Structures are given as C-alpha cells and as structure tokens.
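Heads up, the thing below is written out as structure tokens.
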Amino acid sequence: MRNKPHARFALTMMMFAGIALLSGCVTTHVEMDRMTGTAFPTEQTLDGRDWTLESIFLEAGHIIDVDEDDTNIAPLRDGSTQQQCITDAELETVEIANRASPVTPTSFACGAGIFRGTCTRYEAYGIVVDHVGQCFGSCRSSLLGCMYDTTDRSAFSLYFQNSTVSSDGQRYLRTTAHELGHAFNLHHPDGSGSETLMNTTGTVGNSFTYTFSTDSEEHLQEHDAQCRFPGTGAWFSVTDDHATRHGNATCP
Amino acid sequence: MNSQFENNRNFLALLVLLAIAASGATALAQEPQEIRYLALELEPSKRTYALGEPVYVTVRLRNRGTSKQSVATMLDPAAGFLSIFVKPAGAQQQQLFIPLAVGDFDVAPSELAASGEMNATFPIFFGGNGWTFTQTGDYDVFATLAGSGSAALRSTTAPITIARGDGAGQYLFSQSRQDQYETGKFLVWQQGDHLRRAHATLDEIIKQFPDAPLSNHAVLATGVSLSRPFHDYSIGRVRAAQPERALELLNRVNINELPDLLRLHRSLALARAYAAAGLRDDAQVRLDDAQSLAADSVRALQQTLTAELTYDPVLAQMNKQ
C-alpha cells in the first residue's frame, strides 16, 4: 500500500516521458545553404529575449533542427560578370545541385520498450543567394525572400543583394522565419494583428515581433500534418477552419 | 374615401422608401471604410481559349472616391494579398488558384490617388496545384483582395470558355503529372533548360499541332529563353544566349492573340537578341516597341520594362546609350 503513491508517481512520470518522446518525435529538419559572400541569419535580441529560428518555432510548438550546410556555393558567372538577378528557374537548379535532404518526410523506428514507436522527420530547404530576386515575374530589389515553387512547399530563397537582408539582422531573421512559415503552409492573411510573423516585412514597418498570430499558432499546432508540414503538398491546401479565413477548402 | 385611401397609400409608400433608404444607409455604414470607394475588376486576355492554351488575366484596382486610399502594395497573387478563384459552370464550389511563387518584400502599403488605378497581369493557367483548366467548358473567374481585418474586396466575375481546340491540350493532359508540371513551369518561367521533360513534351506538341495556340506559346517561351543566358547550377554552367535561334523562333510567333504582357516579353527578347547579334538598329526598333506597349499601361507593364532595363545586362547597356 505504501508503494502505491510512488508507483502512481512513476507511472505519471513515464507517461510524461512518453508524451515528450512522442511529441519530440515529429521534427522538421531545415537544411540551409548559402552562396559565397552571404551570411546565414544569426541569433537576435528583441524585446529583451534572444531569438533563433529554432526558438521562434519552438514557441509555436514545433521542434525544428536548422542545419547550416554548404557555405561557399559560387555564383555562376557569364564571362567576367555576375548576374544581378536570379530567376526562379535558376533557383530550382541551385536546389537540384546543392540540396542534400529529401523533399518528402522520412519515418523511422524510435524509442524503446513500451515507448517504441515511429518518428517522422519533415524536410525544408533554404538557400541564401548573392542576388536580387524575381518571384513576381520580374526582378525587384525590394524582394527579401521567396517560396519559389509552391507545388510542394519545401524550399525558399533569401536575397542577400536586398539591403535589408544584408544589413538588418533582426529583419533578416524575421524574413527567414516568415519564409519557413510559408513552407508550413501559412499565408500573409494569417498574419492577423499588425506585428506578427506572417505579415509581409513592408506591412509591419518598424514594429514587429518574432511570434506567430493566434490563427497561425492554431494552424501550426492543430491542423492535419499533410496540410501543415513542409514537403507534404501545395501551398494553400488547408483544412476547413483554416480555409474560412481564405475562402477555400482543399486539404486532401 | 378615394382621396383618404390615396393619402394613406402615399404615406405607406413613403414609409417603405424611408425604410429602404435607412437599410441602405446602414449597409453602407457597415461597409468597411477602406473598401467603399475601391473597385476591383478582372479581365481575361480573351474570352475563349483552346484547351492547354495559357490563360492570362489583368486585375485593375480603381479608386472611385475623392480622396487617396491606402491599398496593398502589389496586386500580383505572388504578393499574397490577391486571390484568384475559378469556378466551373454548374459546380458548387470555386477553386483557389495557387500562384507558383510567393514572396516577402519590404515595400510599405501604397496610396492610390483619387480616380487612380493600379493593375497587374499574370498567368493563371498553372500554379501550385498544377494546371488550372484541364477540361473543356465554361468557367467563371474572379478575384478577391484582402483588406484589413476580415474586409475583402471582390472583383467582377469574368466568364472564360475553354474550347476543345485541335488536340494539343488533350495531348498535354494525357502525359504524366511530371511532364505536365515541367511544361507548366517552363511556360510560366519562360526558361528552364533543366526542365527536359517540358522540352520533349513541347517539341512533340509543336510537331503534331503546329497551328495550336499552345504551340505558339511554346515557340514564344523557347525564343524568350534562348534570347538570354541561363545559369544552370544543376550542371554548373552558364548556357550562353543563342540570338540567331531566338530570332528565328520569336519572328515565327503569331502575336495577334497574345496578351500585352507576352507581347512586351517578345519585344524585349527580340531587342536583346538583335543586340546580341550585332543588329543595333533592329534592336532599337524592338526596344521602342516595348516602350510604347508599356506606355499604354498604367503600371503593370511599366514595372516589367523597368526591371528588364535595370537587370538585363544587354538591355541595360542599350538603355544607357
């Protein structure tokens, strides 16, 4: 009888451990590559807190593992000159040449004993290029980042020739989280409120946070995996309740 | 009696009119301030397309008020504020068109002057969910523009008919998903040497259906692509421009049914190719064509022209001279 509370405590702790294991079992691996002459986004302090890409997404309930991979991809030159603007088609070839991770998620056995189960690792790819970007059909110096192929929501680009990206670390980290948010199937209208991450950088001006809006968090935490994680489907394929904000319901 | 009845009837009619006016005023008061004086129009480049033919639309935002209005910076769906919906005739639900790209930019919301207009022209035939019009029939197309809060502005609805054509579309949509996707990307991007399945598919379509509108677009896209170099990281090499081949293709294009945006792309590609071939006078004529096409546009084509004259090395050099 005296052991019962201890047994209950042990069981509770095991349950917590199991839940922690299972929740930690779904992760997103973010492979980041960059061209020579560029830099990855770095840790930033905002509103008295230190922020990284990992902590931004952890705050929204997601474990992401950022893997800074290639750091010296040389921009191709046409003769002696380097092109100023990289097109979406050319970006796709950068990804083909340098992406080491798969597009689709991988599942693998994990845990032990009664907590043995299947873990899933989703994949996203980010490339920092030493160019201005196209994205809207023609080159624009105002472009900070782009998800250049919405068919599978698995990759995004950041443009180091944009002066904000190259000289404003806080906004650069924000744009990176914003583009990764698109890979998680979030949209600009999900940036309810004027300061949250899915608003465009031009909209938030000088007042911004590293947090997602309530609508975005609801999507990130509750919606079906195939409508949520990178590499699982087309952008905007969302669940019914998410769709009510966008006027469409197409989650398979 | 008749007079009293007449008076009562007039009084009732007045009450009804007042009630209607009041309800109208209430509705007007409930309409968000920011969209009350804005009008959104959607216009396809033509009314009837052959199956597989690329569909382009122009969206115009007009300020009908007497004071300036704060509006979204860009109307292109890739900016993430404008949504395009396509509804097949008789269907219950419309489908959202997903643009092939979406971007983050650091331009603050702009102000649209009283009586001012902004516009954008873009393709809606292929996007994140693949090809949009894969069946013949009638479709309704409209746009919504997100405002602050839940306010959204809805455009006029434009009918589009997708006709059977001469078989090019049926051939395309009988190919594998990968072939269709690569072909869609090549036509949207107007480049992509690495999209080998697209080249094989389009070559076959041009061979089998030389007069099809889709073949015309394929010739145009290939000509535009060859008029400039392609930085192909997948093979680690820059493919140089091929001006002679580009000129041969671009001069074959039938421009009669092309949207203005593609006519602009063709003129700029011809200017680029003539300049690269050392034919400066011909190049200047084509650049002048491009500038007059853009001059007729309020905004969309001007932005494309400005971008090309800034970032294309050949055109930038011509523009300086």
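Listing for the model above:
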read-out	value
In the range B:55-92, residue nearest to the other protein chains (Cβ to nearest Cβ) [restricted to those that are part of a strand (DSSP E or B) and among the hydroxyl-bearing types (Ser, Thr, Tyr)]	B:Ser83
Strands (runs of 3 or more DSSP E) contained in the range A:24-90 and holding at least 2 residues closer than 13 Å to A:Gly126 by Cβ	A:26-34, A:63-68
Number of the condition not met by A:Met1 [criteria: (1) at pLDDT 95 or above; (2) open to solvent by 80 Å² or more (accessible area, probe 1.4 Å)]	(1)
Residues being charged (D, E, K, R) and either assigned to a strand (DSSP E or B) or within 14 Å of chain A (Cβ to nearest Cβ) (or both) - total across the range B:40-54	2
Residue in the range A:189-198 that is at pLDDT below 90, within 12 Å of chain B (Cβ to nearest Cβ) and buried (at least 23 other Cβ atoms within 10 Å of the Cβ) present	yes
Matching residues, the range B:150-188, being part of a helix (DSSP H, G or I), closer than 30 Å to A:His188 by Cα and more than 17 Å from the chain's Cα centre (by Cα)	B:Arg177, B:Gln178, B:Gln180, B:Tyr181, B:Glu182, B:Thr183
Only one of B:Arg272, B:Arg286, B:Arg245, B:Arg266 that is more than 18 Å from A:Thr87 (Cα to Cα), of a type outside the set (Gly, Ala, Ser), open to solvent by less than 70 Å² (accessible area, probe 1.4 Å) and assigned to a helix (DSSP H, G or I)	B:Arg286
Some residue of the range B:160-173 being open to solvent by less than 30 Å² (accessible area, probe 1.4 Å), of a type outside the set (Ser, Thr, Tyr), at pLDDT 95 or above and more than 20 Å from B:Thr48 (Cβ to Cβ)	no
Qualifying positions in the range B:98-112 - at pLDDT below 90 and either more than 7 Å from chain A (Cβ to nearest Cβ) or outside any strand (DSSP E or B) (or both)	B:Asp106, B:Val107, B:Ala108, B:Pro109, B:Ser110, B:Glu111, B:Leu112
Qualifying position, being touching a residue at least 60 places away in the same chain (Cβ under 8 Å), in a loop (DSSP other than H, G, I, E, B), polar (S, T, N, Q) and at the interface with another protein chain (Cβ under 9 Å from one of its Cβ atoms), among A:Thr151, A:Thr211	A:Thr151
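Quick grid of which residues meet (1) more than 9 Å from chain B (Cβ to nearest Cβ); (2) open to solvent by 30 Å² or more (accessible area, probe 1.4 Å); (3) aliphatic (A, V, I, L, M):
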position	(1), (2), (3)
A:Ser101	yes, no, no
A:Phe108	yes, yes, no
A:Gly111	yes, yes, no
A:Arg121	yes, yes, no
A:Ser141	no, yes, no
A:Ala155	yes, no, yes
A:Asn162	no, no, no
A:Ser166	yes, yes, no
A:His182	no, no, no
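The values are calculated or read from the model by the stated rules, or taken from the named source; none is laboratory data. As the structure is a prediction and not an experimental result, all values here were calculated from the model. Using ideal geometry, Cβ is built from the backbone for each residue, glycine included, and neighbour counts are taken over all protein chains shown. Just so you know, the surface numbers come from the protein's heavy atoms only, side chains and all, with ligands and any DNA or RNA stripped out. Shrake-Rupley method; radii C 1.70, N 1.55, O 1.52, S 1.80 Å.
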